[in-house]
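Values in this text are rule-based calculations from the coordinates and carry no lab data. Since the model is a prediction, treat every value here as computed from it, not as a measurement. Cβ placement follows ideal geometry from the backbone for every residue including glycine, while neighbour counts extend to all protein chains displayed.
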Amino acid sequence: METATDTFYDDLADDYHLLFKDWNQSIDKQAAILGPLLEQHTSRVAPYVLDCACGIGTQTLGLATRGHYLVASDLSRSAISRAKKESDLRGLKIQFYAADMRNLGPVQQHDFDVVLAADNALPHLLLREDRDRALAEMAEKLRPDGILVATIRDYDSLVQTRPTIQTPVFYGVRDRRRIIHQVWDWDGDEYELHLYLSLKISGQWIARHYVSRYHALLRNDLTTSLQKIGFKTIQWLEPVETLFYQPIVISRK
């Protein structure tokens, strides 16, 4: 069944790269940070990785280019289609599947060194039972002693101020300019995110609007769920340590 999250990423698939100043540079930069972390925590030069929220491939493509063995899945068929095209353009060998994090059954492979859920994917799951189900699915895909790696917004800080707007960013030059900004409407421990993308094309401004919903997932809540699923060690890494744009949690099966 299609969900609001499906619609958000299906609609955004063709434009997702425009959210970055330079998407290709971001692919390389994220791989340069995440790659060594995965290698260090798996003790493998080329870990076997399932990116279970791959989107259009921001992490998948960079890690595969680095030499990791990648399988990728996402609930958005449009995002998967875009990621596959980007993979083919780069000559990469990656298998892609359409699969919700709560049911990774369509992904045929098992015994991954790493299951990755980056870019604030877990907070799309609004209910605790859905989050726990997704974490259990990820754990099932890991080899013994494998690791789950997730990146999420720092909600422990954000819930203190409940920001209603993210600072707009302005990219491009002259007739190819674009402005990206977000408005957040809070409702208890959830918020509705309104993403606005304004593009100047051939002298004309075009505005696009995308909507999704998130649960402000606190670290203690995620840690509790991970422990419940059976992960033995849980480590939080801060952006000041990793230079990644979000906190990273690494959990060992």
Would you mind calculating the relative contact order of the range 157-213 from Cα pairs under 8 angstrom and at least 6 residues apart, reporting the percent as a whole number?
26
Rounded to 5, percent antiparallel among DSSP beta bridges of the chain:
70
For the chain, what relative contact order do you get, as a whole percent, if you take Cα pairs closer than 8 Å and at least 6 residues apart?
16
So for R0 = 22 Å, FRET eff. of PHE170-ASP22 from the Cβ-Cβ r, to 0.05, ends up at 0.95
Sorted by Cβ density within 10 Å, fewest first, the residues THR65, THR60
THR65, THR60
When Cα extents along the principal axes in Å is calculated directly from the model, which label among (1) 61, 34, 34; (2) 75, 36, 33; (3) 56, 45, 40 fits?
(3)
Whole-Hz ³J(HN,Hα) for each residue in the range 198-205, computed from phi via Karplus 6.51 cos²θ - 1.76 cosθ + 1.60 with θ = phi - 60°, x for glycine and proline: what do you get?
10, 10, 9, 10, 6, x, 10, 8
For LEU127 and ALA207, what does the FRET efficiency come to when R0 = 35 Å and r is the distance between their Cβ atoms, rounded to the nearest 0.05?
0.60
Lys, Arg +1 and Asp, Glu -1 on Cβ, resulting dipole of the range 74-172 about Cα centre, debye, nearest 20:
380
Trypsin sites (Lys or Arg not before Pro) lying in DSSP loop within the range 1-76, provided at most 15 other Cβ fall within 10 Å
LYS21, ARG44
Please report, in debye to the nearest 20, how large the charge dipole of the chain is about its Cα centre when each Lys and Arg carries +1 at its beta carbon and each Asp and Glu carries -1 there.
660
With ASP154 itself left out, Lys, Arg at +1 and Asp, Glu at -1 over residues whose Cβ is under 11 Å from its Cβ give 0
